[in-house]
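Let me begin by presenting the structure, written as structure tokens, before commenting on it.
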Amino acid sequence: MRNIVYFFGQILFLPHVILFLFSQEKEEIAQDIYARKNFNPSRIHQIYDLSKELLINKYFRTLFYHRTNGFFSKILRVFYPKQSSFIIDVDTKIGGGLQLAHPYSTILNAEKIGKNVYVNHLVTVGEKDGKKPIIEDGAELHANCIVIGGIIIGKNARIGAGAVVTKDVPENATVVGNPAKIIVK
């Protein structure tokens, strides 16, 4: 029964599929779909998984609209709204494979976010004095952490829950606390 309901719900998202097929960021969107599950290279499976993800996950829908920012995308937002508690700045460049773990009340306002970055809920990435952070590939931003200013979060760095980061974090480091301190390097 659930599969039948999903099937008819997915039909409503056919305009999104058209937007996906003509998007310049097809590859990044596919990486986002399969960020937390096995990749399926078949375009038919990608379309099926995309429409299902758009149906059941408003956070993913918000990311999809960010990647396909255009006139048609803005029209679709009226009928299929994005999640209002998850904000991505329009100028933020995001690599493929962004893993969203229920990012309720999350703000992503960075210069650049690399590939395969993990973002949890209540995360704030923001600017200070007009400078925005750069988050490199494979970084993890855990619940309620704050990353602000013109800093660099290195590859595979882990920002612990509740950490307030205002200084650069080296590659493969783990930082926790307020103010953030490196505990593993």
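Straight-line cross-link partners of K52 among the lysines, defined as a Cα under 27 Å from its Cα and at least 8 positions apart when in the same chain: K26, K37, K74, K82, K93, K115. Each residue, F22 and F39, gets one label point 7 Å from its Cα in the Cβ direction; the gap between the two is 2.7 nm. Of E171, E53, the residue with the largest accessible area leads and the full order is E171, E53 (1.4 Å probe). In the chain, the portion of solvent-accessible area held by carbon and sulfur atoms comes to 57 percent [1.4 Å probe, whole percent, DNA, RNA and ligands not counted]. Of all DSSP beta bridges confined to the chain, the antiparallel ones make up roughly 15%.
Applying 0.36 nm per residue to the separation of H102 and I75 and subtracting their alpha-carbon distance, the gain on full extension is 7.2 nm.
Per residue, how much accessible area does the chain have with a 1.4 Å probe, in Å²? Don't jump to the answer; show the numbers that get you there.
Values: 9880 Å² over 185 residues.
Computed with neighbouring chains in place, this is 53 Å² per residue.
If the label point is 7 Å along Cα→Cβ of A161, which residues in segment 113-132 have backbone nitrogen under 16 Å from it? Correct set: 119-124. To the nearest 10, the accessible area of Y104 is 130 Å² with a 1.4 Å probe. Near Q99, the amide H atoms lying under 5 Å from its own belong to V117, Y118, V119; only residues 5 or more places off or on other chains count, and H is placed 1.01 Å from N. The order of D137, D91 by accessible area, most exposed first and with a 1.4 Å probe, is D91, D137. In the chain, helical runs assigned H by DSSP with n ≥ 4 each contribute -39500 (n - 2.57); averaged across all residues and rounded to the nearest 500, the mean residue ellipticity at 222 nm is -9500 deg cm²/dmol.
The C-alpha atoms of the chain define a longest principal axis, and helix 58-67 lies at about 90 degrees to it. A simple spin-label model places pseudo-atoms 7 Å from Cα toward Cβ; at I183 and D168 they are separated by 2.4 nm.
Candidates (1) 50, 32, 28; (2) 48, 38, 28; (3) 74, 51, 25; which is the computed Cα extents along the principal axes in Å? Correct label is (1).
Want the number for D129 to R2: 0.36 nm per residue separation, take away the alpha-carbon distance, what's left? Show your work: numbers first, answer last.
On the way: separation 127, 0.36 × 127 = 45.72 nm, distance 4.96 nm.
Between D129 and R2, full extension yields an extra 40.8 nm.
The values are calculated or read from the model by the stated rules, or taken from the named source; none is laboratory data. Keep in mind that this is a model prediction, so the values were computed, not measured. All Cβ positions, even for glycine, are placed from backbone atoms using ideal geometry, and neighbour counts span all protein chains on display. Please note that ligands, DNA and RNA were not included when accessible areas were found on the heavy atoms of the full protein model with its side chains. Shrake-Rupley method; radii C 1.70, N 1.55, O 1.52, S 1.80 Å.
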